[in-house]
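No lab work stands behind these numbers, since they all come straight from the coordinates. These numbers were taken from a predicted model, which means no experiment stands behind them. Glycine gets a Cβ as well: all are built from the backbone with ideal geometry, and neighbour counts include every protein chain shown.
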Amino acid sequence: MQSHPPIPAPAEPDGGLPVLPDLAARFTGAAEDTAPAPVGGGAALRDAAVGYWARRGVDATADRVLAAPGAQPLLLALFAAAGGDVLLSRPCAGWYEPLARLAGRPAYRAPVPAECGGVPDPFALLETVRRVRAEGGEPRVLVLSVADDPTGTVPPPELLHEVCEAAVAEGMLVVSDETWRDTVPEPHGTVLVSPAEMLPDRVVVLSDLAGALLPAGWPAAVARFPDTPDGAGLRSRALAMLAAVRGTLSAPVSAAAAYALDEPESVRSRAAAAAAAYRAVGAAAYRDLTGAGVLGLPPRAGRHLYADLSELRPALERRGVTDSVELADHLTRWLDMPVAGGHLFGDAPDALRARLPLAPLLGADERRRRTAAESPDPTELPYVRAALDRLAEVVTELSAARPG
């Protein structure tokens, strides 16, 4: 039942927008602070995280918050602290399973439903739990994502609730990765709900700020733990794990993260503009791909599009492409952008699926991507249109491939 990715998960591409001047000022203003930061985050950062979650309907208290230099150290500490086996969706973010293995926790996967990614099908989840226990396993943690990487989808609230109820009924802790929630540009059109709003005593919320609020080169993440005795114990054990590996934030990154979590107007405006730009170029790319016979769901969150090229299999096989490893290699070369094969996210290698980054479609440098983010319709910019046309051209050529 276990799957083991053949290579490490792909690195996340930079979102590519210039650093906001006021955010940079907070960073440089703390550059001379040489005092070691507290493990788990200082009071100002944890208070800012509490306010951030409160504005999204999630209750939190500062003594139930941890901060670390990125989501990976936090999730690793969580896996080590929680114990037991880990359940994941298929597909899911490529960095979950390697961390479970690093913590010595077996990881098992349950397929996502047809309508979205981010959560396992509830019936498949229960069947997976039954099989794991029959084999002597002890499932304790379910990791899900309400704004999903790699699929770019948002689970419907009723489905999310059913999955969380099923997991809690089976005695599992739910870890909700909400890194990409602020990339959902239509809060009234796409309903995003945190599991912590539904079952606050059984949910840990994980947010990597590089998803929408900070540059990728300033790693910072926060986690919200349940305000219960079990939640306090879990936080204490995770804090000890972070202390063991010196998982602390630098003073400049901590200052910038606290400022970003307070969400002044400049940060809110930048996040909203970037989300709208990615949504526009993602919708255009989706139309071009589906018009050429590619399957998939329209991206609603994040900075990627997950494409299923199985309908093009005969044409791809004539080009020597028979699995997702070869597909990613060929698309990376043909499109001149880093494409990740679906096998890195838990899908079977013979499934012709791949995750396409949207950032390169918005421009090749920061200046162009900033212009795209500030444009009412970035798809009308000549260089964006040219990138979209190139994507459509490549996929159309693939669908009509003949022996050369």
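With unit charges on the beta carbon (Lys/Arg positive, Asp/Glu negative), name the residue among GLY291, LEU352, LEU206 whose Cα is farthest towards the positive pole of the charge dipole of the chain. Working it through, the farthest residue towards the positive pole turns out to be LEU352. In this Cβ point-charge picture (+1 for Lys and Arg, -1 for Asp and Glu), the chain has a dipole of about 480 debye about its Cα centre.
About its Cα centre, segment 289-380 has a charge dipole of approximately 180 debye under the convention of +1 per Lys or Arg Cβ and -1 per Asp or Glu Cβ, with nothing else charged.
Over all projection directions, the Cα-based convex hull of segment 133-173 averages an area of 3.6 nm².
Between ALA54 and GLU311, take the C-beta separation as r, use R0 = 41 Å, and let me know the FRET efficiency to the nearest 0.05. It comes out at approximately 0.35.
DSSP finds beta bridges in the chain, and of those with both partners inside it, around 50 percent are antiparallel. Roughly what percent of Cα-Cα pairs across segment 244-308 reach past 16 Å? Pairs farther apart than 16 Å: 62 percent. Under Stokes-Einstein, with the Kirkwood radius over Cα pairs as Rh, the value for segment 266-399 at 20 °C and 1.002 mPa s is 142 µm²/s.
Of all the options THR190, THR34, THR322, the one that moves most in a Gaussian network model of the chain with Cα springs shorter than 10 angstrom is THR34.
Computed about the Cα centre, the dipole magnitude for segment 191-332 is approximately 160 debye when only Lys and Arg (+1) and Asp and Glu (-1) carry charge, each at its Cβ.
No solvent, one uniform scatterer per C-alpha: report log10 I(q)/I(0) for segment 282-326 via the Debye equation at q = 0.17, 0.23, 0.28 1/Å, two decimals. Results for segment 282-326 at q = 0.17, 0.23, 0.28 Å⁻¹ read -0.52, -0.81, -0.99.
Can you tell me the mean projection area, over all orientations, of the convex hull of segment 32-263's alpha carbons? Units nm², please. Mean projected area for segment 32-263: 11.7 nm², to one decimal. Please list, by residue number, everything in segment 67-100 whose backbone N is under 16 Å from a paramagnetic label point 7 Å out along Cα→Cβ of ALA244. Only 73-84, 99-100 fall inside the zone, counting backbone N under 16 Å.
The slack in the chain from THR190 to THR332, taken as 0.36 nm per residue of separation less the alpha-carbon distance, amounts to 48.0 nm.
A DSSP coil position with no more than 12 other Cβ atoms inside 10 Å describes none of the trypsin sites (Lys or Arg not before Pro) in segment 131-164.
Remark: segment 296-312, residue by residue, has Karplus-estimated 3J(HN,Hα) of x, 9, x, x, 10, 8, x, 10, 9, 10, 9, 10, 10, 9, 4, 5, 9 Hz, where x stands for each Gly or Pro and the curve is 6.51 cos²θ - 1.76 cosθ + 1.60 at θ = phi - 60°.
A simple rule links phi to the HN-Hα coupling: the Karplus curve 6.51 cos²θ - 1.76 cosθ + 1.60 with θ = phi - 60°, which for segment 119-126 gives 9, x, 4, x, 6, 5, 4, 5 Hz, with x for Gly and Pro. In this label model, THR228 and LEU102 are separated by 2.8 nm, measuring between points 7 Å along each Cα→Cβ vector. For segment 241-348, trypsin sites (Lys or Arg not before Pro) are listed when DSSP marks them as loop and at most 16 other Cβ atoms sit within 10 Å of their Cβ; the list is ARG246. With q set to 0.07, 0.11 Å⁻¹, the log10 of I(q)/I(0) for the chain, from the Debye formula over equal scatterers at the Cα positions, is -0.31, -0.79. Subtracting the Cα-Cα distance of ALA386 and ALA348 from their residue separation scaled by 0.36 nm leaves 10.4 nm.
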